[in-house]
Amino acid sequence: MKYHVSHIAFNGEASGLKAYEEVVESVIWGLRELGHTVESGVDTFSQSATNIIFGAQMLEMDVVSKLPPSTIVYNFEQIRGATLLKPPLAYAAANFKIWDYSEGNADVWKKLNADCRIVPLGYAEPLTRIPKASIQDIDVLMYGAPGPDRLDAFHHLCHFGLKTVFVCGLYGAARDELIARSKLIVNINLSAKKIFEIVRVSYLLANRKAVVADIDPETCIEEDIRAGICVVSPSKLVEECHDIVNNENRRKALEESGFETFRNRDIRPILEAALAA
């Protein structure tokens, strides 16, 4: 089969959609490993191949309405509990196949009678590429858009004496350098929809990074991923980070556990099952 993987990013202007880059890369790799012909592009579509679109929620309706019926929209928006979808996603639900990364979104698609399949993130070999820095001079790294909970965690980590870095809008090699220099990464969920931010964390697990996540009982998180990271309540976040930073054996065990957890999610059978459906 022939596929065209399209990453909607408006020529880089929609910087937040760069967060999909590693997932796009893993899907391209997985499809090629399965023997398919794969083209890819940013803000591009094909009339002769099956389009798999990342970031479709950002498209204008006159663009979405002209896409071929065979189009697959791979959704990474947190839409859990939503009563209204952005018009491009509502159109996609009625006209295209939907792949969604999280069970947390499934009920919304079901209410719309969408042809939806849950296609979780999977491991691809090219994702493992960040070498461990010879000197890790950052205790804790946080990255992403700022929000009250993230800024509060950053404040407390700094005041506890941990060397903490928080960056926003950084991707690619510059971000990877900070990841390499960091002993652990803290992930604080930004959205009120409370679906665990597996897109960010999966790349960290693929590169043997210890991850601490602030998760409450309402957070939708897959059990295998939960087992591969350090899950804490907000009140225990700083204490756990301090212990992991200063306990090399515990940190290494967490790094290996997370890596093995995610490596067991091979993207190839995940995609094979999705395409068969």
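The values are calculated or read from the model by the stated rules, or taken from the named source; none is laboratory data. None of the values given here were measured: they were computed from a predicted structure. Cβ placement follows ideal geometry from the backbone for every residue including glycine, while neighbour counts extend to all protein chains displayed. Ligands, DNA and RNA are excluded from the accessible area calculation, which covers all protein heavy atoms including side chains. Shrake-Rupley method; radii C 1.70, N 1.55, O 1.52, S 1.80 Å.
At-a-glance table
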quantity: Under 5 Å, built H, 5+ apart or other chain: amide partners of residue 44; calculated: 7
quantity: Over the chain: helical MRE at 222 nm, DSSP H runs n ≥ 4 each giving -39500 (n - 2.57), nearest 500; calculated: -11000 deg cm²/dmol
quantity: In sequence order, calculated HN-Hα J values of segment 176-181 (Karplus, 6.51, -1.76, 1.60; Hz; x Gly/Pro); calculated: 4, 5, 5, 4, 4, 7
quantity: Solvent-accessible surface (1.4 angstrom probe) belonging to residue 43, in square angstrom, nearest 10; calculated: 50 Å²
quantity: Note, ³J(HN,Hα) from phi for segment 244-249, Karplus 6.51, -1.76, 1.60, rounded to Hz, x at Gly and Pro; calculated: 5, 4, 9, 10, 5, 5
quantity: 5 angstrom amide H check on residue 123, placed H, neighbours 5+ away; calculated: 265, 266, 267
quantity: Sequence ranges 60-66, 214-220, ranked by mean other-Cβ count within 10 angstrom, highest first; calculated: 214-220, 60-66
quantity: Proximal lysine pairs, segment 71-176, alpha carbons under 28 Å, eight or more residues apart or interchain; calculated: 6
quantity: Surface accessible to a 1.4 Å probe, per residue, for the residues of segment 45-152, Å²; calculated: 48 Å²
quantity: Sum of side-chain charges, residue 38 neighbourhood, beta-carbon under 9 Å (Lys, Arg +1; Asp, Glu -1); calculated: +1
quantity: Gyration tensor (alpha-carbon) shape descriptor, segment 1-68, a/c threshold 1.5; calculated: oblate
